[in-house]
Amino acid sequence: MSREISALQRARLGYQPKLPKALRTTRTKVELGAPTEPATDREKIKELFPNTYGQPLAAIVEGEGGPVVAPLNVGVVLSGGQAPGGHNVIAGLFDALKSANEESRLFGFLKGPGGVIKGQYKELTAELIDEYRNTGGFDMIMSGRDKIEKPEHLAACKKNFAEMDLDGLVVIGGDDSNTNAAVLAEYLLAEGSKTVIIGAPKTIDGDMKNGRIEASFGFDTACKTYSELIGNICRDATSAVKYWHFIRLMGRAASHVALECALQTQPNITLISEEIHTKGITLEEIVNYIADVVHRRSQAGKNYGVLVVPEGLPEFIPDIKAMIDELSSILGRDEEYIQRLGVHSERVQYLSGHLSERSARVYSCLPQDIQEVLLRRDSHGNVPLSQVETERLLMDLVSNRIRQMKSRGKTNARFSPLGHFFGYEGRSAMPTNFDANYCYSLGFAAVQLIRARLTGYTVNVQNLTKPSNEWIAGGTPVTMMLNMEVRKGKAVPVIRKALVDLEDAPFKKFAENRERWALNDEYVFPGPIQYFGPPEISDAPTKTLALEKDEAIVPEAELVGRSS
């Protein structure tokens, strides 16, 4: 019995994603460029990846002499958190395999990398694929956060691949997952396995991008989903005219989501973690800035507003970071004793005598529930700063500051804060046309890299601000993107996360306007994602990408007559 689906989902199932011109023909080949090197740590990375280091860039172009169109057995795995468009990567893989040779087969490993290690998979058929085209979520084969990194994991994968006669595996994931894919590719190549490994760039956080990877998939959809909600909140704020809304968005390591949503909706205040870290802005300065905007808006008769903050902000505030480092050291030594103290005030008193004066002041200003959260380390021995609800921390501290200002006769602002967290709402949303097209192209292109017997590459599609007909597909060696970072006390190779660049056009655009946005109601209401209508509305990429490329976005409609 078929399951009930909405009218919109039924319509989306029939949407045919667009492809770059080079992927629309069977006359396709892969051209290799010059050898590549990482920007830093070259000797160490070369030592760790002797077989895949220095591989050339790959471009997929039209032309004769392409790889042999023999039947292939290919696997696919979803790794990490959900991102809109994952199902379209899989659909692109399937269609590319079948269009070249109907005898090719696609296998989906279940529940993430753990399924690869355990050999748990199912064959993906046309009937199954068709149920998931252009849908959100990862529920076709599910995802997981296991890592393929231990020797026994690598050996198990090799054994499973040999038994399946697998020609290639596509790992759909973020920077860590693509790094793990490179480790697996290096191992299999050294072991003489025929299975090649290709990664696909996925993360709604937008922090897996560089000169070759213009965007991670899912970012477009997630930001447009959050922006609709933020726009609705802005409209509500101007209707009720009595609440300050503090909105926390996803973004632990980078503020790309917060920045993009700010550009789309123009809230009164948006905090960018990278700016706060670079400028050394303290928690007190942040609170004073917010309180000042609250006061100035109140003077204009506006006792309401909207603030957007990335969830990872506390880790970028210098005095909080210093306090956490000191607290971690104290807990490593005295945690058992501290937990035995009878009441919380005694714990605070003990810590005040062991923290530096500045860190003691920071800790004492935190709300009690947050103080208590920070007194228990996680399973890795770290102070669980990620458990701090950033918007509630700021709401409490700004409330205290406004009360102090009132007691000194410095403001008569009425401050009624409400907190929101928009996170999971965006991770499994139905993908935008942009993400549907982009992800389908990534899957289609990944098959061409497998046919060319390339391994240790991340598939990429460039020229994304242009119509899909002008997109350019290819592959980037993962070793080119690696650097050495200390994780859990050990230097390991990882793909460098792309943080918000304060010198880049998106942040400059935001910085030029934020003072005006703070005091005025210049809110923009994006509304829901549009799947139908003029291409400049339904197919447009993010404002971030358009600003980074510094070029006008050409609607698909203008391509009529330009090319076949």
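Nothing in this text is a laboratory measurement; each read-out follows from the coordinates by a stated rule. Keep in mind that what you see is a predicted model, and the values were worked out from it rather than measured. All Cβ positions, glycine included, derive from the backbone under ideal geometry; neighbour counts span all protein chains shown.
Could you give the angle, 0 to 90 degrees to the nearest 10, between helix 219-240's Cα long axis and the longest principal axis of the Cα atoms of the chain?
With rounding to tens, the tilt is 30 degrees.
On a 28 Å Cα-Cα criterion, which of the cross-link pairs 44/122; 46/150; 224/490 come out too long? Please list the in-between numbers first.
Values: 44/122 38 Å; 46/150 20 Å; 224/490 38 Å.
Beyond 28 Å: 44/122; 224/490.
Before anything else, pin down the relative contact order of segment 220-425: Cα pairs under 8 Å, at least 6 apart, normalised by residue count, whole percent.
Details: 293 pairs, mean separation 62.8, N = 206.
Averaging sequence separation for qualifying contacts and normalising by length gives 30 percent for segment 220-425.
Over 18 Å between Cα atoms, which of 18/111; 279/321; 159/194 qualify? Could the numbers behind the result be given before it?
Working: 18/111 29 Å; 279/321 14 Å; 159/194 12 Å.
Those over the limit are 18/111.
Filter 242/543; 508/543; 147/202 down to the pairs with a C-alpha to C-alpha distance above 21 Å, please.
Values: 242/543 30 Å; 508/543 13 Å; 147/202 16 Å.
Flagged as over cut-off: 242/543.
Working only with C-alpha atoms, what are the Rg and Dmax values of segment 1-45, expressed in angstrom?
Expressed in Å, the Cα Rg and Dmax of segment 1-45 come to 21.7, 58.
How far is helix 318-340 tilted off the main Cα axis of the chain, in degrees rounded to 10, range 0 to 90?
80
To the nearest µm²/s, what D does Stokes-Einstein give for the chain at 20 °C and 1.002 mPa s, using the Kirkwood radius over alpha carbon pairs as Rh?
On the way: Rh = 25.3 Å.
The diffusion coefficient I find is 85 µm²/s.
Does segment 214-321 come out rounded, prolate or oblate, given a ≥ b ≥ c as the square roots of the eigenvalues of its C-alpha gyration tensor, rounded meaning a/c under 1.5 and, failing that, prolate meaning a/b above b/c?
Working: a/c = 2.62, a/b = 1.11, b/c = 2.36.
Oblate, since a/c reaches 1.5 and b/c is not below a/b.
Quick one: Cα convex hull volume of segment 260-358, Å³ per residue? Please report the intermediate quantities before stating the final value.
Values: hull volume 14.4 nm³, N = 99.
It is 145 Å³ per residue.
If you keep only loop residues by DSSP, which GluC sites (Glu not before Pro) in segment 5-93 have at most 13 other Cβ atoms within 10 Å of their Cβ?
Values: sites: 31, 43, 47, 62, 64; in loops: 64.
Answer by residue number: 64.
Scaled to the compact-protein estimate 2.2 N^0.38 Å, what is the alpha-carbon radius of gyration of segment 220-425, rounded to two decimal places?
Working: Rg = 17.9 Å, N = 206, 2.2 N^0.38 = 16.7 Å.
Rg over 2.2 N^0.38 Å, computed on Cα atoms: 1.08.
Have a look at 190, 329, 100 and report the one farthest towards the positive end of the charge dipole of the chain, computed about the Cα centre with Cβ charges (Lys/Arg +1, Asp/Glu -1).
Checked the options; the winner is 329.
Given segment 1-128 reduced to its alpha-carbon atoms as identical point scatterers, what log10 I(q)/I(0) does the Debye formula return at q = 0.11, 0.19 Å⁻¹?
-0.61, -1.31
Measure nothing fancy, just the Cα-based angle from helix 151-164's long axis to the longest principal axis of the chain, in degrees from 0 to 90, nearest 10.
Relative to the chain, helix 151-164 is tipped by roughly 40 degrees.
Can you find, among 263, 23, 344, the residue farthest towards the positive end of the dipole of the chain? Put +1 on the C-beta of Lys and Arg, -1 on that of Asp and Glu.
344
Suppose every Lys and Arg Cβ carries +1 and every Asp and Glu Cβ carries -1, with no other charges. What dipole size does the chain come out with about its Cα centre, to the nearest 20 debye? Could the numbers behind the result be given before it?
Numbers: 66 positive and 72 negative charges, 152 e Å.
Charge dipole, the chain, about its Cα centre: 740 debye, nearest 20.
For the residues 8, 166, 442, what sequence is obtained by ranking on other C-beta atoms within 10 Å, fewest first?
Values: 8 11, 166 21, 442 27.
Fewest-to-most Cβ neighbours within 10 Å comes out as 8, 166, 442.
Would you list the P(r) distribution for segment 306-383, with all Cα-Cα distances sorted into 5 Å bins from 0 and each bin expressed as a whole %?
3, 14, 26, 28, 16, 7, 4, 2, 0
Among 256, 295, rank each residue by its count of other Cβ atoms within 10 Å, from fewest to most, as a rough exposure measure.
Values: 256 30, 295 18.
Least to most surrounded, the residues fall as 295, 256.
Rounded to the nearest whole Å³, what is the per residue volume of the convex hull around the Cα atoms of segment 407-487? Let's see the in-between values first.
Details: hull volume 22.2 nm³, N = 81.
It comes to 274 Å³ per residue, whole-number rounded.
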